[in-house]
Structure formats: C-alpha cells, structure tokens
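The values are calculated or read from the model by the stated rules, or taken from the named source; none is laboratory data. Everything numeric in this text was worked out from a predicted model, so none of it was measured. Cβ coordinates were reconstructed from backbone atoms using ideal geometry, including for glycine residues, and neighbour counts include every protein chain displayed. The accessibility values were calculated without ligands, DNA or RNA, using every heavy atom of the protein model including side chains. Shrake-Rupley method; radii C 1.70, N 1.55, O 1.52, S 1.80 Å.
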Amino acid sequence: MNLLGIDFEDWYHPELIQRHLKTQNNKPTVVNGIDKILDWLRKNETFATFFVVGELLELKPELLDKILAGGHEIGFHSMYHTRLDSPNYREKFTEEIKRFDALTSKKSRGFRAPTFSLNHNSAWAIDVLSENNYVYDSSVVPAKTKLYGISDAQTRPYRITSKNLERDDPSGKIMEFPLLVTKILGRKVPACGGFYLRALPLKIIENAIRHNNEQNIPASFYIHSWELTPEFMPKVPLSFIENFVTYYNLGNTLKKLDRLIKKFKFTSFSRFLSEAKF
Ligand SMILES: [Zn+2]
C-alpha cells in the first residue's frame, strides 16, 4: 500500500511563483479543477489526502464537503503557503493551525509543509503539530535539493520529534511519512511526485515504489492540484529555471500518475494509519 497526498493549492501559492507576485489580491482559478480530480480518483477507486492551503477553504467552503464526500481526507498545508522557516513564523503558524481546525471542525490530523520546508530551522513545527493533536506529518524528503531535503533522514516511517528530524524517536507523538526517494548514479534523488514525476522516466519511479514495497515501506507520493488540472493554471512569466521546474511536461502529469495508480495501490494517510500495524 502506498500514500497519495494532493497538495491542494492555487496558481499563486507555489514558492517559485509567489516570490514574483506584487499583490495579495489574486483570484483563485485552480480550485475550479476539484471536480475533475475527484472524478478521476473515483473512477480509479482510490482515496487520497488533500493537504489544503487554508485560505482556499475560506473562499470556497464547499471544497471541504466535496473532499470528504468522496471518502478522502483533509490535511493542513498552512493557511497561505508560507515556508515554515520564514522568520518569526512559529506564532503565526500556531494561530493558523487553530484557524484551520475551526474551518474543518478539527478533522485535520496530518500536515505537509509548503515546499517541504521542515528542516533544522523550523523543527518547532513538530511541537506545534503535537500540541494541536496532529498525528502525522509528511514533509521530509530524504534527499537534498535546492529548495528542500534532509538527506540523512530515514526512508521508513518513524516517530519524529523537534530534536530528531531524521530518525525514530520513541518519545515522538507524530508519525513522519518521508517522501519517496531513489538512487540515480549513486545519488539520492526525490522520486515522490511533482516535478520529479514530470521529469523522470516512469520506469525509474515504478522501480522506486517497488523497491519500497519489497521492504514493506509505503511510497509516499505527492502531486499538486494544478499539475492535475493545468487547464486552470495560468502561465506566469518566470526565469528559465523556475519556468522549467513549474511548467515542464505539465500536460502529461495526469497521464503519468494515472498509469501509476492503475499499477500500484494508493490510499489516504488516515486510511493507511487505521489499517497499518506499527
Ligand atoms: Zn504546496
């Protein structure tokens, strides 16, 4: 069994786009793709966790009902898609998690950090999650990239604490589900979705999932809402690299992920946790 997390955000949330925006008054468009995503999951008899950027629930409260009605799970992806390691964010994050709890009637039990920004400068977030009765996190990518990654972290799910982000700590109350990585030419590389799903040959990702499953480790996989519904994603002028990372092969994402979920079994984190024996 593997894990599917859909990072549900709008076109103005990705970090590589957000840094170019001058105004806060951006009109959401990607939210309109929700029905297409839900239909696709239903046809594939697959449940997913939607890590939602909270402000979208304030703008479109019906999103929550639609997600839950499909048998899926709601999770937290911050209120505005702010990096956890932004200066002095702890207090604001604590307010945000309470606001999200109110918006979702405390149904959210899991968290995904925007841009996987859980690291040694933002380890406090694990304490805040724990204080607010969260039970799991999926923000650790055990491979170093330019924007994120904790290369020493273990790949099997473990109890994470703010003092120990990399390994199992029996005193930990939060279960960490590290994202799928693989090795290419001896180097650890993310194989967990998003840009890597778009850029890597499907064979490499399939082998990474199989490798995990052979060791009884669930592959934690993610995709952005806007990658599944690129027709609702406007084209924002970016630098060459940012443009490549954001838009490369966007039109083929759904097709590639569709092949993966037909080949491997995926489910939501909450369903996995209720069935798993740890
Ligand atoms: Zn995100």
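Which residues, taken from segment 103-146, are assigned to a loop (DSSP other than H, G, I, E, B) and at positive phi?
Across segment 103-146, the qualifying residues are Ser105, Lys106, Asn133.
For residues that are assigned to a loop (DSSP other than H, G, I, E, B), within 16 Å of the ligand (Cβ to nearest atom) and in contact (Cβ under 8 Å) with a residue 40 or more places away in the chain, scanning just segment 46-78, find the one that is surrounded by the most Cβ atoms within 10 Å (Cβ to Cβ).
Ala48
Based on what the data block shows, is Glu15 on the phi < 0 side of the Ramachandran plot and within 16 Å of the ligand (Cβ to nearest atom)?
yes
Restricting segment 81-96 to residues that are within 16 Å of the ligand (Cβ to nearest atom) and part of a helix (DSSP H, G or I), which is surrounded by the fewest Cβ atoms within 10 Å (Cβ to Cβ)?
Glu96
In this structure, is Asp10 of a type in the set (Asp, Glu), under 28 Å from Ala191 (Cβ atoms) and in a loop (DSSP other than H, G, I, E, B)?
yes
Restricting to segment 18-39, give me the number of residues that are within 12 Å of His224 (Cβ to Cβ) and either away from the ligand (no atom under 12 Å from the Cβ) or out of contact with any strand residue (DSSP E or B) (no Cβ under 9 Å at 6 or more places or on another chain) (or both).
Final tally of qualifying residues: 2.
Can you go through Trp40, Trp11 and tell me which one is more than 22 Å from Ser274 (Cα to Cα), touching a Pro at 6+ places or on another chain (Cβ under 8 Å) and not basic (Lys, Arg)?
Only one candidate qualifies: Trp11.
Report, ordered by the first and then the second residue, all pairs with beta carbons closer than 6 Å, sequence separation of six or more or different chains, a first member in segment 145-174 that is farther than 18 Å from Asn133 by Cα, and a second member that is open to solvent by less than 50 Å² (accessible area, probe 1.4 Å) and among the aromatic types (Phe, Trp, Tyr).
Pairs that qualify, where the first residue is farther than 18 Å from Asn133 by Cα and the partner is open to solvent by less than 50 Å² (accessible area, probe 1.4 Å) and among the aromatic types (Phe, Trp, Tyr), are Tyr148/Phe116; Pro157/Phe177; Asp168/Tyr158.
Could you tell me whether any residue of segment 106-117 is under 23 Å from Asn2 (Cβ atoms) and among the polar types (S, T, N, Q)?
Within segment 106-117 (the criterion being under 23 Å from Asn2 (Cβ atoms) and among the polar types (S, T, N, Q)), the answer is yes, since at least one residue qualifies.
Give just the number: which of (1) in contact (Cβ under 8 Å) with a residue 60 or more places away in the chain; (2) in a helix (DSSP H, G or I); (3) over 18 Å from the mean Cα position of the chain (by Cα) does Asn252 not satisfy?
Checking Asn252 against (1) in contact (Cβ under 8 Å) with a residue 60 or more places away in the chain; (2) in a helix (DSSP H, G or I); (3) over 18 Å from the mean Cα position of the chain (by Cα), the one that fails is (1).
Which one is farthest from the ligand (Cβ to nearest atom) among residues in segment 211-246 that are over 22 Å from Leu41 (Cβ atoms) and among the β-branched types (Val, Ile, Thr)?
Of everything passing the filter in segment 211-246, Ile217 is farthest from the ligand (Cβ to nearest atom).
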